[in-house]
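The values are calculated or read from the model by the stated rules, or taken from the named source; none is laboratory data. From a predicted model like this one, the values you see are computed outputs, not experimental measurements. FYI the Cβ positions are ideal-geometry reconstructions off the backbone, even for glycines, and counts take in every protein chain you see.
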Amino acid sequence: RAAAFLQRGQCVAFPTETVYGLGANALDAQAVAAIFTAKGRPQDNPLIVHCASEAQVLSLVGDVSPEARKLMRRFWPGPLTLVLPRADKIPLVVSAGLDTVAVRIPSHPIALQLIEQAGLPLAAPSANLSGRPSPTTARHVLEDLGGRISAVVDGGETGWGVESTVVDCTTKPFRLLRPGGVTLEELESV
Ligand code: AMP
Ligand code: MG
């Protein structure tokens with residue numbers, strides 16, 4: 001049912017290994033705009049696109065350097081987000097007008113299954129009202145977003161409560177944009 005909602009352009013919250021995300025079809029500008037509305041999120045704050053496979057990621061981005069591929073191989077699925085050149089099929093609303101896009105493959109089995117069943121990449125920020133803490137249970141999601149979204153998939157408590165590490169792979173050297181579940185030391189070791 002959650003996958004069907006997503007295919008119809010609606011917003012669905014789901015668990016990841018970091019926090020609950022609020023997902024929508026990343027290829028549908030209107031569906032993505034509904035995420036910003038539900039959260040009260042400023043339009044200039046870009047979203048992370050969640051995928052279920054490397055092939056799906058590669059279909060959404062431009063050239064990927066061998067160094068970026070190394071990070072993918074080592075840390076995906078997992079809490080590492082890579083900023084890469086944006087392919088045209090990703091609507092501008094996803095990346096707040098940037099010519100880059102942030103992508104990751106989560107390791108939570110429910111997140112992966114939902115992305116696969118929907119057959120879509122999911123743009124998904126944390127499933128809280130803008131400015132509130134990131135939710136680690138379905139109940140917390142509903143306290144913030146109940147009545148504003150189509151569904152939440154209840155997968156129990158999420159592991160970390162720590163967000164994904166964001167690395168910009170479009171600059172040389174790469175830049176750490178946000179610390180998170182994967183440490184700088186782990187990144188440097190690769
Ligand atoms: P959230 O999903 O709420 O954890 O926020 C995602 C964060 O990822 C944004 O606030 C940015 O800091 C970062 N981000 C997403 N897309 C990009 C991008 N194209 N370039 C740089 N940073 C990005
Ligand atoms: Mg957030």
- Task: Being in contact with a strand residue (DSSP E or B) (Cβ under 7 Å, 6 or more places away or on another chain) and more than 16 Å from ligand 2 (Cβ to nearest atom) is the filter here, so list the residues in the stretch 104-140 that pass it.
- Result: His108, Ile110, Leu114, Ile115, Leu120, Pro121, Ala138
- With criteria (1) within 16 Å of ligand 1 (Cβ to nearest atom); (2) over 11 Å from the mean Cα position of the chain (by Cα), Gly21 comes up short on (2)
- Item | helices (runs of 4 or more DSSP H) wholly inside the stretch 1-103 that include at least 3 residues being at pLDDT 95 or above and of a type outside the set (A, V, I, L, M) | 29-39, 66-75
- Query: If the Cβ limit is 7 Å and pairs must be 6+ apart or interchain, which residue in the stretch 106-129 that is away from ligand 1 (no atom under 14 Å from the Cβ) pairs with which residue that is of a type in the set (Ser, Thr, Tyr)?
  - Reply: His108/Thr16
- Is at least one residue of the stretch 62-76 farther than 16 Å from Asp168 by Cβ, crowded, with 19+ Cβ neighbours inside 10 Å and under 15 Å from the mean Cα position of the chain (by Cα)? yes
- Residue check: is Gly156 among the small types (Gly, Ala, Ser), out of contact with any helix residue (DSSP H, G or I) (no Cβ under 7 Å at 6 or more places or on another chain) and under 21 Å from Ala2 (Cα atoms)? yes
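Against the definition (under 26 Å from Ile110 (Cβ atoms) and within 16 Å of ligand 2 (Cβ to nearest atom)), how does Phe36 come out, yes or no? So that I can check it myself, show each step before the final result.
Numbers: under 26 Å from Ile110 (Cβ atoms): yes; within 16 Å of ligand 2 (Cβ to nearest atom): yes.
In short, yes.
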- Query: Being closer than 19 Å to Ile48 by Cα, surrounded by 17 or more Cβ atoms within 10 Å (Cβ to Cβ), out of contact with any helix residue (DSSP H, G or I) (no Cβ under 8 Å at 6 or more places or on another chain) and β-branched (Val, Ile, Thr), is that true of even one residue in the stretch 166-182?
  - Reply: yes
- Item | Odd one out for Pro46 among (1) within 22 Å of Leu177 (Cβ to Cβ); (2) of a type outside the set (A, V, I, L, M, F, W, C); (3) out of contact with any strand residue (DSSP E or B) (no Cβ under 7 Å at 6 or more places or on another chain) | (3)
- Query: Residues of the stretch 90-145 being out of contact with any Ser or Thr (no Cβ under 8 Å at 6 or more places or on another chain) and charged (D, E, K, R), which ones?
  - Reply: Asp99, Glu116, Arg132, Arg139, Glu143, Asp144
- Got at least one residue in the stretch 121-143 being surrounded by fewer than 15 Cβ atoms within 10 Å (Cβ to Cβ), part of a loop (DSSP other than H, G, I, E, B) and of a type in the set (Ser, Thr, Tyr)? yes
- How about the stretch 150-183: which of its residues are of a type in the set (A, V, I, L, M, F, W, C) and either closer than 12 Å to Thr16 by Cβ or away from ligand 1 (no atom under 16 Å from the Cβ) (or both)? Ala151, Val152, Val153, Trp160, Val162
